[in-house]
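Here is the structure we will look at, set down as structure tokens.
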Amino acid sequence: MDVAPVAQRRRCEKKAARGAAAARATIPEDVVLEILGRVADAEDVVTLFRCATACKRWRDLVSDPSFLRDRRPHPSSSLLFGFFAQQRPYRPHTVSADPIIGARSPAFVPAPQSPLGPDRRSLGSFIPCVADNLDFDDAEPLFARHSLLLVRLAPRRGVPADDVVAGRTLVRLAVCNLLAGTCDVLPPLKCRASSRINKCAILTHTDSCSNGQSPSSPLPTFSQVLVLVYNGGSRNYNLCTFSSADWSWSPPPRNCFSDPELRVEDGSAVICEGMARWLVRDELNFYTLEVGTDNSQFFLRDLPAPPGHHDPDGGIPLLSVAIDGTLSMLLLDVCCCWLQIWTLQGGKESGSGDDDDDVVDVDWICTKEIELKPPKLKHMPRLYVGERSSTLLVMDTLIRCVCFVDIETGAVHEVTEQFRRLNLETTVPFEMDWQAFFLSRLEWPRAKVRENLFILPDFY
């Protein structure tokens with residue numbers, strides 16, 4: 001074999017590379033910043049990422065926190081916000097998955113004007129190093145907070161999911177950190193075969209800091225995973241707690257409340273003042289089920305209904321957290337004609353709620369009312385909203401109509417097509433700091449650049 005042509009080609013490639021590097025070095029820095037700034041202002045994240053990986057000099061310029069912060073000055077625009085949902089199960093007479101997706105990993109649907117664009121992406125594209133060794137097919141998203149996503153893994157092929165003798169089910173859960181690109185598989189949770197995972201929450205180490213200071217690590221890490229398990233036979237809710245410090249589930253599960261008429265409302269838990277809170281109600285009253293980082297902090301509190309909304313059919317409630325950290329509630333008209341935002345005013349609640357001395361007078365104040373003009377929904381819709389985002393997701397699961405609602409302006413966008421082939425009942429809001437996410441991807445080894453979701457989206 002004549003190696004002369006090969007050696008000559010390599011010499012030409014090295015010479016061209018040195019010429020390109022010299023050309024980049026001769027471009028003044030202010031000109032390079034102007035070019036990169038125009039790419040960033042055009043919100044072309046893929047091109048900006050490619051520029052950052054072209055050479056160390058450009059990477060240092062793009063990695064400067066002030067560079068990205070100045071291009072997205074509004075707090076809402078600094079979030080990477082969207083929704084995860086499970087893909088529909090495989091059926092022999094249908095296509096098992098989207099032909100472009102390939103595997104049946106949970107899908108991320110970005111909100112309008114997302115830094116990543118409108119394309120859907122798989123969970124595996126966020127954590128490719130983990131996805132190579134862990135099967136996310138048919139995984140179900142359960143809860144998300146910051147960059148942490150809790151998923152229920154499908155039973156492993158060839159491994160029985162149920163303990164027939166004891167009549168129990170082994171539930172496999174995993175906490176994915178999309179900012180760090182890691183995934184922690186938790187020990188199996190044993191539940192009754194007739195039970196089902198109803199609601200979940202994640203408490204971070206920041207929540208457990210009694211002095212209010214953040215831990216030394218800049219990456220969010222979970223300290224506890226809270227799981228509400230609903231037993232249809234006895235109609236009660238049991239709380240199961242996983243501690244990352246002990247790396248085990250705390251036995252035994254505790255009954256949250258004995259009244260079978262109480263039910264936990266749809267919607268994710270909110271984290272307020274270091275406690276996870278679920279909205280609970282009966283035919284007449286509202287309550288909050290509150291669980292803190294200390295397992296002894298476990299309360300069911302009376303929650304006054306907003307004025308004029310004592311009727312259960314008067315609106316669809318959803319707990320939320322205001323910008324200042326106070327508890328708030330979104331109320332959507334059953335006809336989806338208006339949306340009200342109520343904020344809880346008064347002293348901070350304390351105690352267990354069983355002693356009259358612990359009761360603190362609080363009241364709701366309507367801080368905003370928005371008139372909506374969404375597509376006509378025929379059934380009671382579901383609501384989903386992020387912690388810091390101003391985007392509300394409204395969906396009718398029976399007629400498969402999905403809309404994004406901008407809480408600031410009241411603008412409504414129908415995005416039903418983006419949720420095709422997804423199980424709408426498994427939708428989970430997800431948000432994280434997009435600047436931190438962008439910079440974290442620049443730290444990846446160059447061998448992983450071609451697999452990076454900035455380069456090749458999984459969904460088109």
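By accessible area of protein heavy atoms, probe 1.4 Å, what ranking do M275, M395 get, highest first? Display every interim value, and only then the final one.
Numbers: M275 20, M395 0 Å².
Result of the area sort, largest leading: M275, M395.
Got a sec to turn the phi values of the range 321-335 into Karplus ³J(HN,Hα) couplings, 6.51 cos²θ - 1.76 cosθ + 1.60 with θ = phi - 60°, whole Hz, x for Gly and Pro?
Once θ is set to phi - 60°, the couplings for the range 321-335 become 10, 6, 4, 7, x, 7, 6, 9, 9, 9, 10, 9, 4, 4, 8 Hz.
When the chain is fully extended, how far beyond the present Cα-Cα distance does A322 get from L284, taking 0.36 nm per residue of separation?
Working it through step by step, the gained length comes to 11.2 nm.
Please give the peptides 143-153, 105-115 ranked by average Cβ packing (other Cβ atoms within 10 Å per residue), highest first, as a rough proxy for protection.
Answer by packing, highest mean first, reads 143-153, 105-115.
Take K368, K199, K56 and sort them by solvent-accessible surface of the protein heavy atoms, 1.4 Å probe, largest at the top.
Highest to lowest solvent-accessible surface, that is K56, K368, K199.
Can you compute the FRET efficiency between C129 and L442 using 1/(1 + (r/R0)^6), with r the Cβ-Cβ distance and R0 = 25 Å? Round to the nearest 0.05.
Numbers: r = 15 Å, r/R0 = 0.62.
It comes to 0.95.
Once phi is turned into ³J(HN,Hα) by the Karplus curve 6.51 cos²θ - 1.76 cosθ + 1.60 with θ = phi - 60°, what whole-Hz value does each residue of the range 398-404 show in order, with x for glycine and proline?
Working through the residues one at a time gives 7, 9, 6, 10, 10, 9, 9 Hz.
Can you compute the label reach from K190? Point 7 Å from Cα along the Cβ direction, backbone N cut-off under 18 Å, restricted to the range 237-255.
Of the residues in the range 237-255, 238-243, 247-255 have backbone N under 18 Å from the label point off K190.
What FRET efficiency, computed as 1/(1 + (r/R0)^6) with R0 = 35 Å and r the Cβ-Cβ distance, is obtained for I27 and A180, rounded to the nearest 0.05?
Taking R0 as 35 Å, the efficiency between I27 and A180 is 0.55.
Calculate the FRET efficiency for E369 and C55 from the Cβ-Cβ distance with a Förster distance of 41 Å, rounded to the nearest 0.05.
Using R0 = 41 Å, I get an efficiency of 0.20.
How much accessible surface does E140 have with a 1.4 Å probe, in Å² rounded to 10?
Near enough 60 Å² of accessible area.
Any chance you could run the full-extension gain for R38 through Q113? It's 0.36 nm times the residue separation minus the Cα-Cα distance, nm to one decimal. Walk me through the numbers before you get to the answer.
Numbers: separation 75, 0.36 × 75 = 27.00 nm, distance 1.73 nm.
Roughly 25.3 nm would be gained on extension.
Which residues' amide hydrogens lie under 5 Å from the amide hydrogen of V415, considering only partners 5 or more residues apart or on another chain, with H built in the peptide plane?
V402, C403, F404
The values are calculated or read from the model by the stated rules, or taken from the named source; none is laboratory data. It should be emphasised that the depicted structure is a prediction, and the values quoted were computed from it without experimental measurement. Quick reminder, even Gly has a Cβ in these numbers, built from the backbone with ideal geometry, and neighbours come from all protein chains shown. Protein only, heavy atoms only, side chains kept; ligands, DNA and RNA dropped before computing areas. Shrake-Rupley method; radii C 1.70, N 1.55, O 1.52, S 1.80 Å.
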